[in-house]
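Reviewing the structure listed below.
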Amino acid sequence: MDISKSSKGKEVGNAEPEDSQSQPTSNSIVIEVGGDEFWPLSGKPYFEIILSKTHLHPLYQIGIPSKIHSLLPSRDIPTFISYKGKEWKMVYYGKGQHRKRFDSSWKTFVIDNNLKVGDACVFELTELSEEKLKFRAQILRGDIPSQFQDSEDGESADTAIFIG
């Protein structure tokens, strides 16, 4: 399927992966910091999430932001997230009126990549077909100061943590 608009409204081309592993090509600029890889986004649709406690435990739930809903199918479909040459399989739940999200297999991605509260994930849509979705992930580590980690604050908008 041809993706005509990114999440920011910019025109983009077909969302085929750049290579078989949906990782940056050898011509791409790749920066490695602390074992994580970073590269410029390609202009394809993406969404970003700063991880909170509900993304990580005990339910390991991750909803897909509404800004990208119109590009994604309105049905459940196999989904793959690639990061650092490895791929995780899960299901994108897209049908019905409920929140669009990844299934509980998201937990494996979280554990394998040692994700923590405050880390940010950028998911760039690299393939959208009738059979599957593929996202390429970047992880930006955002260590939260220890005095806030076990706090009840930050679990909802009503108890947000403000750092001044």
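Things worth noting here:
- Selection from region 45-84 of residues that are open to solvent by less than 40 Å² (accessible area, probe 1.4 Å), aliphatic (A, V, I, L, M) and under 12 Å from V110 (Cβ atoms): I49, L51, L56, I62, I81
- Qualifying residues in region 85-138 (those that are over 15 Å from the mean Cα position of the chain (by Cα) and open to solvent by 90 Å² or more (accessible area, probe 1.4 Å)) - the one modelled with the highest pLDDT: E131
- Residue count for region 53-83, restricted to those that are assigned to a loop (DSSP other than H, G, I, E, B) and either touching a Leu at 6+ places or on another chain (Cβ under 9 Å) or in contact (Cβ under 8 Å) with a residue 60 or more places away in the chain (or both): 3
- If you go through region 75-92 and keep only what is basic (K, R) and closer than 20 Å to E48 by Cα, you end up with K84, K86, K89.
The values are calculated or read from the model by the stated rules, or taken from the named source; none is laboratory data. Computed from a predicted structure; not experimentally measured. All Cβ positions, even for glycine, are placed from backbone atoms using ideal geometry, and neighbour counts span all protein chains on display. With ligands, DNA and RNA removed, areas are computed over all heavy atoms of the protein, side chains included. Shrake-Rupley method; radii C 1.70, N 1.55, O 1.52, S 1.80 Å.
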